[in-house]
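No lab work stands behind these numbers, since they all come straight from the coordinates. All values derive from a computational prediction rather than experimental measurement. With ideal geometry, Cβ positions are generated from the backbone for all residues, glycine too; neighbour counts draw on all protein chains shown.
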Amino acid sequence: MARRLSLDNALWLLLVFVPVAIVLEYVVHASPVALFLTSAIAIVPLAGLMGKATEMLATRVGAGLGGLLNATFGNAAELIIAIFALRAGLGELVKASLTGSIIGNVLLVFGLCALFGGVRHSRQAFNRTAANLGATMLLLSAVALVVPAVFYLIGGASGSAALETAERSLSLEISVVLMVCYVLALVFSLGTHGHLFEGTGGSSHEPEASVWPLRRSLAVLFASAAMVGWMSEILVGGAGETAETLGMSEVFIGVIIVALVGNAAEHSTALMAALKDKMDLALNIAVGSSVQIALFVAPLLVFLSYAVAPEPMDLLFTPLEIVAVAIAVLVVGQISDDGETHWMEGALLLAVYAILGLAFFNVP
Amino acid sequence: MARRLSLDNALWLLLVFVPVAIVLEYVVHASPVALFLTSAIAIVPLAGLMGKATEMLATRVGAGLGGLLNATFGNAAELIIAIFALRAGLGELVKASLTGSIIGNVLLVFGLCALFGGVRHSRQAFNRTAANLGATMLLLSAVALVVPAVFYLIGGASGSAALETAERSLSLEISVVLMVCYVLALVFSLGTHGHLFEGTGGSSHEPEASVWPLRRSLAVLFASAAMVGWMSEILVGGAGETAETLGMSEVFIGVIIVALVGNAAEHSTALMAALKDKMDLALNIAVGSSVQIALFVAPLLVFLSYAVAPEPMDLLFTPLEIVAVAIAVLVVGQISDDGETHWMEGALLLAVYAILGLAFFNVP
Amino acid sequence: MARRLSLDNALWLLLVFVPVAIVLEYVVHASPVALFLTSAIAIVPLAGLMGKATEMLATRVGAGLGGLLNATFGNAAELIIAIFALRAGLGELVKASLTGSIIGNVLLVFGLCALFGGVRHSRQAFNRTAANLGATMLLLSAVALVVPAVFYLIGGASGSAALETAERSLSLEISVVLMVCYVLALVFSLGTHGHLFEGTGGSSHEPEASVWPLRRSLAVLFASAAMVGWMSEILVGGAGETAETLGMSEVFIGVIIVALVGNAAEHSTALMAALKDKMDLALNIAVGSSVQIALFVAPLLVFLSYAVAPEPMDLLFTPLEIVAVAIAVLVVGQISDDGETHWMEGALLLAVYAILGLAFFNVP
């Protein structure tokens, strides 16, 4: 517990970056790199606050609705960042951060869990049925990403205007299919087969000393969401020039940095669970979050893009993004398949993440 | 039983479309769309009749030879349709319908089985060894499709005439390998390891009140095969114009419609089995039929194409077809891997089928 | 035992090809084809001698260091051949032989083991945990091969000089990651989780009548290594013209022939183990050898190429090579997944190897 608390405290200390970012933006007019970095760090504890408030709210309203709340607002910080990026016309950055969230959760987070959990516990077991369903839903996500790209690739010969229209309707239709699957998955995991997931989703924290009152939960949720939005605007504004100044590609910024910012708080929860040998919970957070990004956040952004973006977003990811997601899905499927992990499997997950990260970094 | 009979009866009622198609073709000279649709519907009960006659024949001749008969004539209707399409020079339509049969069986049929079976039965278990072998044979099928395409792709730089010759010999050689595997699989499943498949293949129906006499079985088999041939000629003749009139691509017609027509009767058997919680049988029909298409029907058509087609058929499928088969194989491998299904896995299989179907539909 | 000894004896008889190759090269000045074939055959027993000497050395120095020796020198013959090929500027041949070693071990060798072992024993079981880790490490190998190729592919549009520099640094960085993983895998399999691999790695032979003295082991090791080097120089010198004379592509020579030569002795050990129903050992040799090639030999060659080759070697394999490795990894993952094999699975592995071999052969 001591370790947990100190990590929590370190997280809340980061809140000091919220005023810092605001001062840098409106008073000092600092360089884009400084703005990008401070706003990025500021989002980490704000996303953590949103998660805590959501959870408190969920405790109040009972298991069923609470599960739904957790499932819907679990990636709210990322959604807010993405909406601001979409408004700024940075559709490619959004898609890169979606890719990065998916591979970051299943390779980096689950890899760290298996590695550090495995150093403490020689062999860590988990429920195969839940893991298998998660892996299958990830596979569906990969399918949804691969198909538009192949579709676009093979259509290279035909007229490009007709092709783009066809590709955009395909993206929209696939988004509907994904959203339907997400709703069905909620019915499955909260309703008909909830017992399979018992003890993995709800109790993500030790019993708290006190549950927040409803009003406080709502206030914290909305206040932190608003602050995430504010910070996102600063972050997105500085992304392009930061990439240029630091000599990184914009896609690397999206896949590795933006993707991690919105999830860092949640990641620490997964890691703590793994250290306590609760691999079911760790796997549930890592895979569940990826699935939510792919089946809920991505299609929602496609829909929203018609309202807020200069031009609609589609599901046409770059080949390297697609290959990265496909690899991540295959590797996690392979590793979770036998219902147990060792530290070496964690190291292999991190190695795959490193290889993909290096590839995104080296893109000329 | 009542449900089963009524579904059977509904099937036989469709036989009325046989004379309708004939009248439309030779008396009324109806539009290609009308001819295509009526002949397509007419094939459904005829293929069912062929299946029933084959099964009756198999009952007569004993388990070993019977299994061989079922395995060889199981997709005879599709084979007949494909031969008529080959004769008409529609090699691409044939390959599309082969693709459609493979993905239709493992995604649509097995998906419906897992979904509707899963709604009735919370958890449906099946034999992992048989499922694993089926998934491995499907993987081999995917390999046989992927390799010629990659081969062709990388050869893009070299002279196209030499490349095409090389690609055609490769297709022929791969066809021989596939056919050998099919024969070995029969030796395995009917001979040395028949016990693994016991109770899954033979008793696809409730014990019948009466077994047909040998002469009747043979007569029905040949008569229905001849009628399937006749209907196929009408179907194939109308396919091109139907695609144009309805604004669908020819590949969509092949992958989704032609592929379903020859299998519909068999599909209903699989679904009935799943509803009765006989998932071994359902999986065996779905995966077994796909394997038979890939390892027996496809190479046989390559061989036959040298005799009946204007130009030889190869195994060079389009990228979207290859990706569709690869995805189907991976997804069904993932889902069948743990030896049980839930309704959500059925929904995911159908979602993947829907995404692939949408892609084929949107091809400009 | 009688069978084993006679096969061993046959192996040693092949040593006669060592002086034959030397006479043909320096006295007779024979044709390149004759030189290529005799030196290839001469390497087979020399590689076997190296393996035997390494094992004797390992027995002397105790389990831990012995395992390390076996792991490091296990593919020394291949490494020596590759270094001579690199020096001759045949980087593509080296990459082809690496590909061939990986797919040869997991498809051909494991396929033969499962087929012939399965003919004798109806069902052969093995440890799933070890098999699963092997399959995961193979998947990492496939990732390391796929990523540079996709990276290069997508960069097609940008300036080719910048792209090549980027691709070369990526290869170097990935090589470091692979090497780190190899060291970690040794720590895992020899150190923290050695018990999982007990009885599979060490006792690859029946208890020998006599263990060689240390001096003899070292002498045989260095002498046979030197002879492998000599033969490799002759082999590499004749490879190009042999391919031309026999009408084979150079990549076929590398993938199928050169790859088999350095491994043949080891392959016979795996097959013997399978016939004795020791599938754990057979799988360990086949998969372990592939993993060692991918995670140790390949990155080591990248590093060495900066010292010995006319120009550095990268990890950019051809599309057909990548697809071959990816297919091999997926198929062996699928087959080893349920912890048992039957002869049919062996036949399927060989069929996949045959299809890939045919593709490499037909490359125009």
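At a glance:
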quantity	calculated
Ordering of A:280-288, C:46-54 by burial proxy (mean other Cβ atoms within 10 Å per residue, highest first)	A:280-288, C:46-54
Area projected by the alpha carbon convex hull of the protein assembly as shown, averaged over all directions, nm²	46.2 nm²
Filter on C:LYS52/C:LYS278; A:LYS95/B:LYS95; B:LYS52/B:LYS276; B:LYS95/B:LYS276; B:LYS52/B:LYS95; C:LYS95/C:LYS276 - keep pairs with C-alpha separation over 25 Å	A:LYS95/B:LYS95; B:LYS95/B:LYS276; B:LYS52/B:LYS95; C:LYS95/C:LYS276
Convex hull per residue volume in Å³, alpha carbons only, for region B:1-133	172 Å³
Base-10 log of normalised Debye intensity for region C:79-164 (one unit scatterer per alpha-carbon) at q = 0.14, 0.21 Å⁻¹	-0.76, -1.12
Neighbouring partner chain Cβ atoms per residue of C:342-350, average, 10 Å criterion	6
Nearest-20 debye value, the protein assembly as shown charge dipole, Cβ charges on Lys, Arg, Asp, Glu	2160 debye
For the protein assembly as shown, with +1 on Lys and Arg beta carbons and -1 on Asp and Glu, the positive-most of C:ALA88, B:SER290, C:VAL61 along the dipole	C:VAL61
Reciprocal mean inverse distance between Cα atoms of region A:228-364 - Kirkwood radius, Å	17.1 Å
Of B:GLY100, A:ALA347, A:VAL150, farthest towards positive along the dipole that unit charges on Lys, Arg, Asp, Glu beta carbons give the protein assembly as shown	A:ALA347
Assigned charges on the beta-carbon of Lys, Arg, Asp, Glu; region A:46-191 dipole about Cα centre (debye)	540 debye
Tensor-based shape of region C:66-121 (alpha-carbon gyration tensor, a/c under 1.5 rounded, otherwise prolate or oblate)	oblate
Closest approach to the axis - chain B beta-carbon, rotation onto C, Å	B:ASP337, 4
Inter-chain Cβ neighbour average for residues A:288-297, partner chain, 10 Å	0
Nitroxide proxy distance, nm - points 7 Å out along Cα→Cβ at A:VAL176 and A:VAL27	5.2 nm
Peptide ranges A:301-311, C:96-106, A:248-258 listed from the most packed, as the mean C-beta count within 10 angstrom indicates	C:96-106, A:248-258, A:301-311
Label 7 Å beyond Cα on the Cβ vector: A:VAL183 copy-to-copy distances, nm	5.4, 5.4
Neighbouring partner chain Cβ atoms per residue of B:324-335, average, 10 Å criterion	4
Given charges at beta-carbon only (K, R positive; D, E negative), |dipole| of region C:250-347 in Debye	220 debye
Estimated FRET transfer efficiency (A:PHE222, B:PHE222; beta-carbon r; R0 51 Å; 0.05)	0.10
For A:PHE116, label point 7 Å along C-beta direction: distances to other copies, nm	5.0, 5.0
Label point 7 Å beyond Cα along the C-beta direction, distances from B:ALA226 to other copies (nm, shortest first)	8.3, 8.3
Neighbour cut-off at most 10 other Cβ (10 Å), DSSP loop, GluC sites (Glu not before Pro), region B:26-105	none
Prolate/oblate/rounded label for chain B (Cα gyration tensor, a/c 1.5)	rounded
Compactness of region C:223-283, expressed as Rg and Dmax over alpha-carbon positions, Å	15.4, 43
